[in-house]
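Everything below concerns the one structure shown next.
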Amino acid sequence: MALTDTAARRGYRDLPYLISLMTGDEKHTAAAESTLDVLWVLYDRVLRVSPGTAEDPDRDRFLLSKGHGPMAFYAVLAAKGFIGEDELPGWAGAGSRLGHHPDGRLVPGAEIGSGSLGHGLPLAVGTALGLRAQGRTARTVVLVGDGELDEGSNHEAIALAGRLGLGRLTAVAVDNASSRHGWPGGIAERFAVEGWSTATVDGRDHGALYRAFTDHPGDRPHAVVARIRPGGAR
């Protein structure tokens, strides 16, 4: 479904309604709602991508590593016209392209198939490296959960990105205190020791999120820690 006048008018206040259209027992509601504000700020104010440029090689890339709670992602994609609102009620059904985990081959605006924890950040490092090799200035942004940072693959990705100086890469970690092991000094320090610039902000504060995404040196990878009230799924 193409971008409609209705989709063009959708705003942040419409997201709860769009989410309510998706029903079922496997909604991972807490995981989805923890990402809602981050996703909205990115798609509304930061990312250079739209339904009309979703295949443009110079588009910004957004990778949802935290793909096991995609309702907020689908709601934002619908609000911005990447998918039709009429697809939301049938999500995760046999004939729907909107699965419990987003499929990068089926969902417009989804760059990867995701949901298996620990995969998104390494894929984002490879994406950013590939874009740099092609001479493109497109930005790569990956959203991870604090719990999945326990995965060893992320340690390697964080270290490699810092060594390579991938200045067009941003990782946003939604921190709802669900990590089993944590990190001495906090999540931001996990990135900083490997040479990343970092910012830690209230994950519901749209102004703070926007500044964190846009106001950084740009000569090294950047990590934004978006803190959310504890208690949700990781």
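A Gaussian network model of the chain, with springs between Cα atoms under 10 Å, assigns the largest mean-square fluctuation among TYR43, TYR74, TYR12 to TYR12.
Have a look at ASP44, ASP219, ASP175 and tell me which one the Gaussian network model of the chain (Cα, springs below 10 Å) gives the largest fluctuation. Top of the fluctuation ranking is ASP219.
Globularity index of the stretch 70-156 is 1.22 (Cα radius of gyration / 2.2 N^0.38 Å, N = number of residues).
Would you calculate a helix-derived [θ] at 222 nm for the chain, using -39,500 (n - 2.57) for each DSSP H run of n ≥ 4 and dividing by the full residue count, to the nearest 500?
One gets -8500 deg cm²/dmol as the mean residue ellipticity at 222 nm.
Positive end of the dipole of the stretch 1-160, charges at C-beta (+1 Lys, Arg; -1 Asp, Glu), about the Cα centre: which of GLY130, VAL38, TYR17 has its Cα farthest in that direction? Result: GLY130.
How much length is gained on full extension from ASP219 to LEU160, taking 0.36 nm per residue of separation minus their Cα-Cα distance? Write down the numbers at each step before the final one.
On the way: separation 59, 0.36 × 59 = 21.24 nm, distance 1.48 nm.
Difference between extended and current length: 19.8 nm.
Helices in the chain that qualify as membrane-span-like (whole DSSP H runs, Cα extent of at least 20 Å along the helix axis, mean Kyte-Doolittle hydropathy of 1.0 or higher) do not occur. Ranked from largest, the principal axis spans of the Cα set of the stretch 121-234 equal 42, 32, 21 Å. Converting the Cα gyration tensor eigenvalues of the stretch 17-121 into ellipsoid dimensions via √(5λ) gives semi-axes, longest first, of 20, 15, 14 Å. Residues considered: PRO70, PRO102, PRO51. Largest GNM mean-square fluctuation over the chain, using C-alpha springs under 10 Å, is found at PRO51. Using only the Cα atoms of the chain, each taken as one equal point scatterer with no solvent, compute I(q) by the Debye sum, divide by I(0), and report log10 of the ratio at q = 0.07, 0.14, 0.15 Å⁻¹. Ignoring solvent entirely, the Cα scatterers give -0.20, -0.84, -0.97.
Values in this text are rule-based calculations from the coordinates and carry no lab data. Given the structure is predicted, the values throughout are model-derived calculations rather than measurements. Because the Cβ atoms are built from the backbone with ideal geometry, glycine has one as well, and the counts that use them run over all protein chains shown.
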